[in-house]
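Comments concern the structure below.
What follows draws every value from the coordinates through simple rules; no lab data is involved. These numbers were taken from a predicted model, which means no experiment stands behind them. Using ideal geometry, Cβ is built from the backbone for each residue, glycine included, and neighbour counts are taken over all protein chains shown.
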Amino acid sequence: MADIAGLLSLVNSFAAQGIMLPRTDFELAENIRDFTVVCDDSQLVGCGALHFYSMKAAEIRSLAVDPGFQKHGIGAILMRALESEARDYGLDALFAFTYVTRFFEKMGYREVDRGELPLKAWKDCMRCPKFQACDETAVLKPLRDDYRPPMQPLVTEILPFPIRK
């Protein structure tokens, strides 16, 4: 819980730029167990969350590195830690919504149609200011060689508005 102030500052600094969803202290407290953090002495300089959506898939959320500490491998360290945790839980796949597609590609993710992702992943979209015109890219990383996306209706068949990739 002592990390919440640092998480709020880091995540919401990116949210203020329109490149991440803002979080409240209540949301962070409620989901604190999802987070992995990197600190330099007592300063929180990076974070990422592993948020479960099903028995087989989780989302990488709120991945952020303080601008003064970027380009030092902290994002990759966080991703490897979150992926290791996902494997420990026996998950089949990880996904994310991102503006930094190249970083995720370097980490083994591929761009996917949003319809391949669990429908529950859209619950955060309902409160996003970009809900009607999302410009993030959906990415996915199978954690098993035999991974197959679950059969589900395409999100575009369920939601009453157009989805842009």
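First select every other residue whose beta carbon is under 11 angstrom from the beta carbon of Met107; then total the charges, Lys and Arg +1, Asp and Glu -1. Don't skip to the answer; put the middle values down first.
Working: positive: Arg80, Arg102, Lys106, Arg110, Lys141; negative: Glu83, Glu105.
Around Met107, the surrounding residues sum to +3.
Rounded to the nearest 20 debye, what is the charge dipole size of the stretch 54-106 about its Cα centre when +1 sits on each Lys and Arg Cβ and -1 on each Asp and Glu Cβ?
Values: 7 positive and 7 negative charges, 35 e Å.
Dipole size: approximately 180 debye.
Please rank Leu140, Leu94, fewest neighbouring Cβ atoms within 10 Å first, as an exposure proxy.
Taking fewest neighbouring Cβ atoms as first place, the list is Leu140, Leu94.
Length gain on complete extension for the stretch Ser54 to Ala81, per 0.36 nm per residue less the alpha carbon to alpha carbon distance?
Numbers: separation 27, 0.36 × 27 = 9.72 nm, distance 1.96 nm.
Full extension of this stretch gives 7.8 nm more.
When a footprinting reagent is the concern and you count Cβ atoms within 10 Å, what order do Arg114, Arg102 take, fewest first? Before the final figure, lay out the partial values.
On the way: Arg114 21, Arg102 8.
Fewest-to-most Cβ neighbours within 10 Å comes out as Arg102, Arg114.
When the chain is fully extended, how far beyond the present Cα-Cα distance does Asn31 get from Arg144, taking 0.36 nm per residue of separation?
Between Asn31 and Arg144, full extension yields 38.0 nm more.
Within a 10 angstrom radius of the beta carbon, how do Glu83, Glu111 rank from fewest other beta carbons to most? Numbers along the way, then the final one.
Numbers: Glu83 19, Glu111 13.
Going from sparsest to densest Cβ surroundings: Glu111, Glu83.
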